[in-house]
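Working notes, beginning with the structure itself.
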Amino acid sequence: MENPYLPFPVRIDEIITETEDKNLKTFKLVFLNPADEEKFAYKSGQFAELSLTGRGEIPIGIASSPTEKGFLMFTVNKAGVVTTCLHAMKTGDIMGVRGPLGNWYPWETMEAKNVVIIGGGFAFTTLRSSIVYMLDPANRSRFKDIHVIYGARTPGMLLYKDELAAWEARDDINVHITVDATDDPNWKYNIGFVPTITEQKAPNADKDTYAIICGPPIMIKFTQPVLDKLGYSHDQIIMSLENRMKCGIGMCGRCNIGQEFVCKDGPVFTLSQLNITPKEY
């Protein structure tokens with residue numbers, strides 16, 4: 001049995017500054033050993049631990065899709081010791097990745113169904129993975145209508161701008177972009193908080209429609225009543241509690257909600273599952 005605490009060695013292949021404040025960067029990582037890439041078989045919705053020697057490790061959602069071969073992608077917010085050190089690294093530097101960890105979005109359950117993706121801020125990472133996965137030519141026919149509602153504080157804080165534009169230009173996905181506020185006279189998208197735009201743009205629910213939500217806790221709190229109003233059952237509302245993760249394998253006990261360990265039993269839960277846990281999310 002392999003040691004679950006040992007990371008795979010990877011090289012930073014590309015660094016992309018995503019936001020105008022430069023606090024969010026996307027790192028494309030390449031495995032040093034091809035055999036490790038084969039072992040790192042993941043699904044959209046999972047996360048991994050990014051490891052820096054002498055600094056520690058951080059749990060981050062996987063932003064790349066399993067359909068994208070040859071690299072892993074993570075978008076990291078500069079917020080602490082490890083992330084600050086990572087932001088200072090350069091292409092060619094070596095680091096570690098431990099995983100994949102946690103569960104994933106229930107793709108088999110959502111097959112032949114409509115899917116509504118609702119995201120806010122830098123929590124859009126695993127949602128980016130999910131969109132790329134569903135839009136892959138090998139997978140697109142497996143799903144019916146796809147709606148994406150994504151918001152940030154300002155236009156300069158949106159992630160993956162080129163991809164958002166490319167998705168918006170397609171006729172097999174409905175993309176609704178919003179910002180909390182802007183004074184940009186050329187802004188052509190929505191202005192308003194994600195729950196408000198969700199009420200305006202999301203389709204009413206039926207038995208063939210699922211909603212995936214990932215974002216700040218306050219966004220999730222106010223989006224849930226909107227989905228209730230639109231008729232989504234709590235089995236059809238899928239949430240990712242990435243902000244609660246720590247060690248990744250349920251050993252440290254710092255991510256538990258009642259009897260659930262978010263990093264091991266999650267981070268993906270239906271709202272029905274969360275309804276029977278303490279309201280700590």
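Coordinate-derived values only; no laboratory data. Just so it is clear, the model here is predicted, and its values are computed rather than measured. Neighbour counts are summed over all protein chains in view; Cβ atoms, including those assigned to glycine, are modelled from backbone coordinates with ideal geometry.
Data overview
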read-out: Length-normalised contact order of the chain in % [C-alpha pairs under 8 Å, at least 6 apart]; value: 18 percent
read-out: Extension gain, residue 207 back to residue 84 (0.36 nm per residue minus Cα-Cα distance, nm); value: 39.8 nm
read-out: Virtual spin-label span in nm between residue 55 and residue 2, 7 Å along Cα→Cβ; value: 2.4 nm
read-out: Cα point-scatterer Debye curve for the chain, base-10 log of I(q)/I(0) at q = 0.12, 0.14, 0.17 Å⁻¹; value: -0.74, -1.03, -1.51
read-out: For 50, 101, order by how many other beta-carbon atoms lie within 10 Å, fewest first; value: 101, 50
read-out: Of 28/78; 201/279; 43/264, those spanning more than 18 Å from alpha-carbon to alpha-carbon; value: 201/279
read-out: Cut-off under 5 Å, modelled amide H: who pairs with residue 147 long-range; value: 115, 116, 117, 174
read-out: Nearest-20 debye value, the chain charge dipole, Cβ charges on Lys, Arg, Asp, Glu; value: 460 debye
read-out: Lys/Arg +1, Asp/Glu -1 at C-beta; the chain dipole; positive extreme among 156, 99, 195; value: 99
read-out: For the chain, the longest site-free run once trypsin sites (Lys or Arg not before Pro) in DSSP loop states with at most 11 other Cβ atoms within 10 Å are removed; value: 91-187
read-out: Cα-only Debye scattering, the stretch 8-100: base-10 log of I(q)/I(0) at q = 0.10, 0.13, 0.17 Å⁻¹; value: -0.22, -0.38, -0.66
read-out: Dipole magnitude of the stretch 107-240 about its Cα centre (Cβ charges: Lys, Arg +1; Asp, Glu -1), debye to nearest 20; value: 120 debye
read-out: Charge dipole of the chain about the Cα centre (unit charges at C-beta), most positive-ward option of 179, 85, 275; value: 85
read-out: Contour excess over end-to-end distance, with Cα ends at residue 20 and residue 140 and 0.36 nm allotted per residue; value: 39.9 nm
read-out: Neighbour-count order for 117, 62, 173, 15, fewest beta carbons within 10 angstrom listed first; value: 15, 173, 117, 62
read-out: Sparse-neighbourhood loop sites, GluC sites (Glu not before Pro) in the stretch 1-94 - DSSP loop, at most 11 other Cβ within 10 angstrom; value: 2
read-out: Debye-sum result for the stretch 106-171 in log10 I(q)/I(0), which assumes one identical scatterer on each alpha carbon, at q = 0.15, 0.20, 0.22, 0.27 Å⁻¹; value: -0.48, -0.83, -0.98, -1.35
read-out: Charge dipole of the stretch 8-100 about the Cα centre (unit charges at C-beta), most positive-ward option of 26, 58, 42; value: 58
read-out: Candidates 205, 35, 169, ranked by Gaussian network fluctuation over the chain, Cα under 10 Å, top entry; value: 35
read-out: 19 Å Cα-Cα reach of residue 207 towards aspartates and glutamates, excluding residues that sit fewer than 8 places from it in its own chain; value: 108, 111, 145, 199, 228, 235
